[in-house]
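Report on the following structure.
We did not get these values from a lab; they are worked out from the coordinates using the rules stated. Every value quoted in this text rests on a predicted model; they were computed, and no experiment measured them. So basically every Cβ, Gly included, is an ideal-geometry build from the backbone, and we count neighbours across all protein chains shown.
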Amino acid sequence: MRRTLLLGVALLGAIAPALALAQSQAPGAAPLLEKEAPVDEVERGFYLGADVGVSFLGGLPAAPGTPSPSSWGLMLRLEAGYDIGRYFTVSLFGAFAAYGAGSEYIGFSNGVASGAFTQLIPGLAVRFNAIGFADGQGVQRTWLYVKAGAGWAFFQPQALFTPTPATSSYSAFYAFAGLGVQYYTHLRHFSIGLEVDGTYLGKSNEWGFMVTPNIRYAF
């Protein structure tokens, strides 16, 4: 009799926790699962980007007594940067532009050089994401931003831009500022955008603008 009583107490002690857990859940309720950590729908941090678009320059250097012409060109800008949180970005860039001036443009060359010229610009840029728009899932994928940068522009052929090409080279301080829109795609690491900037070259007060669609990949 005593052995049977002890066996019953042992069985009750073994099944009591299971009964308590079953009573704590509503009938038909699914078992409780641990919540997974939320996934960031927009990747931020170090990124590489590329801009390809059109560029315009006005007030090009010209010999005294001749009008300063303007020219359209194509620009490629490569960028390596870092997102500081959601709103700020700093980046290094290298831009290359090729302008298709007509053969009548001889600048200061006295006919030694004429027509098209190129521009190479290394520099630094900063960006501020000003306004974000959320999609249907509440993720801010579309941003309006302001951007500014500065660098140093080098021109070729030098004979077009300086009266003494044999002893000096033509380069100038370069600055730009503008507005853009960026869309962070559902691929997480990729974003695409469009940017419009005004440009200024300090040496000869050249001015211009550029319109550059862009793509970037964040790691």
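For residue 200 and residue 126, the difference between the fully extended length at 0.36 nm per residue and the C-alpha to C-alpha distance is 25.0 nm.
What's the extension gain from residue 133 to residue 78 if we count 0.36 nm per residue and subtract their Cα-Cα distance?
Extending this stretch completely gives an extra 17.1 nm.
Dipole of the stretch 46-218 computed with +1 at Lys/Arg Cβ and -1 at Asp/Glu Cβ about the Cα centre; of 59, 214, 74, farthest Cα towards the positive end is 214.
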